[in-house]
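Visitor: Dumping the structure here so I can ask a few things about it.
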Amino acid sequence: MIKDIANNSRRKWLYESYENNAWIKKMVEVYVKPNHWENNNSPIVLPFSIQSAIYDGINGDLKIKSLLQTVKSYAKNKVLILLSEGAHVHALTLKHHTYENAHLAIKEEANHLLERFKDYFSGCEVNFWDDFVWKNSNYEKFKTLLQQEYDSNESLRSVIQSDVERLHEYMDPQISTDKKLFQEKSTLDLLEMLTGFMVMHAEGYKVVIYPGSMPNSFLYLQNFTDFNSMFINASIKIRNLVAA
């Protein structure tokens, strides 16, 4: 259970949460940098990874609530919550055996997140990767373009390979046992994510705020002509407040 405590900040949020049979006062600070996105009139997209430690426990509720409150308080245009189940499927086949099983499992988790955070998503547009990205008329064109670029451009391959190495370090052991196969599947997922960001850009979303660090390969997109999206990192810190 969470109670809001009134305050005058759009970046620091005060709450009481009921944990271990007691009410605990907490401050949640949201750091969204670089901060020039605050003066941008573009629609904003927040891609939500489906499996992330950020959602764990009551602190997960506090983090997502605070992030959404911060973004909505600064936004000058609409905010899209993009549940990114379609961006995670290939690597999950190593756990769920088939692409179809992996997709069903991750879609179920995405629906659970939607139900859990629906009150916090109020005032935002909410969509699934399956619908927003896969059904977009530019999706196949962008996907083909990126695959051709990956096949021909050593720089892009190198950046993606470094991202995949980093992913392997903290991935679920059930998924990453076979490192070579994991790298192959994760490369497909990263290319899928890059395709999705090209779709977002084509749809006018020039500000992307992600609650975590962006893979370096996302920055590669800025090498594309006229690709001027801002990738903004959101970090969220929680501390208990102790009475003086």
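Just so it is clear, none of the values below were taken in a lab; they were calculated from the coordinates. Just so it is clear, the model here is predicted, and its values are computed rather than measured. Virtual Cβ from ideal backbone geometry, glycine too; neighbours counted across all protein chains shown.
Visitor: State log₁₀ I(q)/I(0) for the range 1-126 at q = 0.13 Å⁻¹ as given by the Debye formula over alpha-carbon point scatterers of equal weight, solvent excluded.
Guide: The computed values of log10 I(q)/I(0) come out as -0.63.
Visitor: Moving to a separate point now. Using DSSP, restrict attention to beta bridges with both residues in the chain and report what percent are antiparallel, rounded to the nearest 5. Spell out each step's value before the answer.
Guide: Numbers: 20 of 35 bridges.
If we restrict to bridges inside the chain, about 55 percent are antiparallel.
Visitor: What dipole magnitude, in Debye to the nearest 20, does the range 32-234 give about its Cα centre under +1 on Lys/Arg Cβ and -1 on Asp/Glu Cβ? Walk me through the numbers on the way to the answer.
Guide: On the way: 19 positive and 26 negative charges, 109 e Å.
Value, rounded to 20: 520 debye.
Visitor: Next question, about the same structure. Provide the per-residue ³J(HN,Hα) series for the range 182-191, in order, calculated from phi with Karplus coefficients 6.51, -1.76, 1.60 and θ = phi - 60°, each as a whole number of Hz, with x at glycine and proline positions.
Guide: 4, 4, 5, 5, 5, 4, 4, 5, 5, 5
Visitor: Taking Cα pairs under 8 Å and at least six residues apart, what relative contact order does the range 72-168 come out at, in percent?
Guide: Numbers: 58 pairs, mean separation 29.3, N = 97.
Normalised by residue count, the contact order of the range 72-168 is 30 percent.
Visitor: Of L104, Q161, A53, which is farthest along the charge dipole of the range 32-234 in the positive direction, counting Lys and Arg as +1 and Asp and Glu as -1 at C-beta?
Guide: Positive-end residue among those listed: A53.
Visitor: Counting only C-alpha contacts under 8 Å and six or more residues apart, can you give the relative contact order of the range 32-234 as a whole percent?
Guide: On the way: 263 pairs, mean separation 59.1, N = 203.
Here the relative contact order equals 29 percent.
Visitor: Which one, (i) 0.98; (ii) 1.55; (iii) 1.15, gives Rg/Rh (Cα atoms, Kirkwood Rh) as derived from the coordinates shown?
Guide: Computed from these coordinates, Rg/Rh (Cα atoms, Kirkwood Rh) corresponds to label (i).
Visitor: Return the long-range amide H neighbours of I232 (sequence gap of 5 or more, or a different chain), with a cut-off of under 5 Å between placed amide H atoms.
Guide: V208, I209, Y210
Visitor: Taking K and R as +1 and D and E as -1, what net charge do the other residues with C-beta under 13 Å from the C-beta of L80 add up to?
Guide: Values: positive: K72, K78, K206; negative: E125, D131, E203.
Around L80, the charge tally is 0.
Visitor: Using a 10 Å cut-off around each Cβ, can you sort I238, I50 from fewest to most neighbouring Cβ atoms? Don't skip to the end; give the middle numbers.
Guide: Details: I238 16, I50 22.
The most exposed by this proxy come first: I238, I50.
Visitor: Still on this model: Taking just the alpha-carbon atoms of the range 1-55, what radius of gyration and Dmax come out, in angstrom?
Guide: So, for the range 1-55, Rg and Dmax equal 15.1, 45 Å respectively.
Visitor: Would you mind checking which residues have amide H under 5 Å from F227's amide H? H placed 1.01 Å from N; only 5 or more apart, or other chain.
Guide: Under 5 Å from the amide H of F227 lies no amide H from a residue far enough along the sequence or on another chain.
Visitor: Still on this structure, I have one more. 222 nm [θ] for the chain, helices only, -39500 (n - 2.57) per DSSP H run of 4+, per residue, to 500?
Guide: Details: 8 runs with 109 residues, N = 244.
Helix-only estimate at 222 nm: -14500 deg cm²/dmol.
Visitor: Rounded to the nearest 10 degrees, what's the angle between the helix 57-74 long axis and the longest principal axis of the chain, both from Cα atoms, 0 to 90?
Guide: The angle comes out at about 90 degrees.
Visitor: Can you run phi through the Karplus equation (6.51, -1.76, 1.60; θ = phi - 60°) for the range 202-207 and list ³J(HN,Hα) in whole Hz, with x for Gly and Pro?
Guide: Once θ is set to phi - 60°, the couplings for the range 202-207 become 5, 8, x, 8, 9, 10 Hz.
Visitor: Nearest 10 degrees is fine. How inclined is helix 154-170 to the longest principal axis of the chain, computing both from alpha carbons?
Guide: Around 50 degrees separate the two axes.
Visitor: Relative contact order for the range 1-142 using alpha-carbon pairs under 8 Å, separation at least 6, rounded to a whole percent? Kindly include the intermediate steps, with their values, before the conclusion.
Guide: On the way: 176 pairs, mean separation 29.7, N = 142.
Reported as a whole number, the value is 21 percent.
Visitor: If you don't mind, another one. Does anyone have the angle between helix 99-117 and the longest principal axis of the chain? Alpha-carbon axes, 0 to 90°, nearest 10?
Guide: Value to nearest ten degrees: 20.
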